[in-house]
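Read the structure below first, then the notes.
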Amino acid sequence: MTGESVSRRSFLLGGAGLATTVLAGCTTPVRERVAVEPEPVDTSIYAAMYGPKPDEQFPLPAIPYQKIDRRFYRQMVPNPTGERPGVIVVDTANHFLYLTYEDGQAMRYGVGLGRAGFEWAGRGVIQYKRQWPRWTPPDEMVARQPELEPYSIANGGMEPGLKNPLGARALYIFQNKEDTLYRIHGSPEWWTIGKSVSSGCVRMLNQDVIDLYDRVQNGTPILVLGTAAVAAAGNGVTSF
């Protein structure tokens, strides 16, 4: 394994600061149909990236990453956002979350998103973050789904654990010093990555949200790119 591949591997597997660079690639068309060997893929990096985490407070099982579209794997890509280094950008149209770095690079993660009518868009900050957080659905959500009453704010929320909807980590988004009720959080439901099925928040693979959690600090700026309708709704919060 070359020094370059070792460096890329260590960066993808976590713990890098906001001043590291990596790479990209391209393809060219061919004129005639010929048998071409596929480019070899180092699957071991994904096995390590999405393998079990037995040392967590609640040990995490491995993710069957082979069943997920490869474009949603954690990977360093050219930064398409135009944002300065150190900004989180959520591209809701393509189900990607970017953390921007120096030298025109960004770490990209696949995400799952809220159904239409449950989105939030605009600029804010990561006010704080939590490991294995409690889940307290807003009163509006409990009103829509009475079965969530045991986990309401009044009842103290849901205990952390593998079945908690916020997963292994949560990053809490504020705008103008107010809680948007919008979160970036982990989820055991790996099959929802790349889809819009949750009730409003940005969900990530647990292994990916742990990686993101370790890379950002409280106060990190965030930009959520929503639909034109959401963006026009006060550049901020719609009903959760």
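The values are calculated or read from the model by the stated rules, or taken from the named source; none is laboratory data. All values derive from a computational prediction rather than experimental measurement. Reconstructed Cβ throughout: ideal geometry from the backbone, glycine too, with neighbour counts over all protein chains shown.
Given the criterion within 16 Å of Asn218 (Cβ to Cβ), part of a loop (DSSP other than H, G, I, E, B) and not hydrophobic (A, V, I, L, M, F, W, C), identify the matching residue among Pro137, Pro133.
Working: Pro137 fails: within 16 Å of Asn218 (Cβ to Cβ).
Just one listed residue meets the conditions, Pro133.
Check Asn94, Asn155 and return the single one that is part of a loop (DSSP other than H, G, I, E, B), surrounded by fewer than 17 Cβ atoms within 10 Å (Cβ to Cβ) and over 19 Å from the mean Cα position of the chain (by Cα).
Asn155
Please identify the pairs in which a residue from region 204-217 that is within 19 Å of Pro61 (Cα to Cα) has its Cβ atom under 9 Å from the Cβ atom of a residue that is among the aromatic types (Phe, Trp, Tyr) and in a strand (DSSP E or B), counting only partners at least 6 apart or on another chain.
Met204/Tyr109; Leu205/Tyr109; Asp208/Tyr109; Val209/Tyr109; Asp211/Tyr109; Leu212/Tyr109
Select from region 199-222 the residues that are in a strand (DSSP E or B) and more than 13 Å from the chain's Cα centre (by Cα) and list them in ascending order. Break it down stepwise before answering.
At the first step, the residues of region 199-222 found to be in a strand (DSSP E or B) are 202-205, 221-222.
Of everything in region 199-222, just one residue is in a strand (DSSP E or B) and more than 13 Å from the chain's Cα centre (by Cα), namely Pro221.
Among the residues that make up region 55-62, is at least one of them in a strand (DSSP E or B) and either exposed (fewer than 14 other Cβ atoms within 10 Å of the Cβ) or in contact (Cβ under 8 Å) with a residue 60 or more places away in the chain (or both)?
So far as region 55-62 goes, yes, one or more of its residues are in a strand (DSSP E or B) and either exposed (fewer than 14 other Cβ atoms within 10 Å of the Cβ) or in contact (Cβ under 8 Å) with a residue 60 or more places away in the chain (or both).
Each row is one residue, and each column tells you yes or no for (1) touching a strand residue (DSSP E or B) at 6+ places or on another chain (Cβ under 9 Å); (2) among the hydroxyl-bearing types (Ser, Thr, Tyr).
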position	(1), (2)
Asp69	yes, no
Arg74	yes, no
Pro78	yes, no
Thr81	yes, yes
Asn94	no, no
Tyr98	yes, yes
Tyr101	yes, yes
Ala106	yes, no
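Based on what the data block shows, is Gly51 modelled with pLDDT of 95 or more and farther than 25 Å from Leu223 by Cα?
Yes; evaluated as a whole, the condition is true for this residue.
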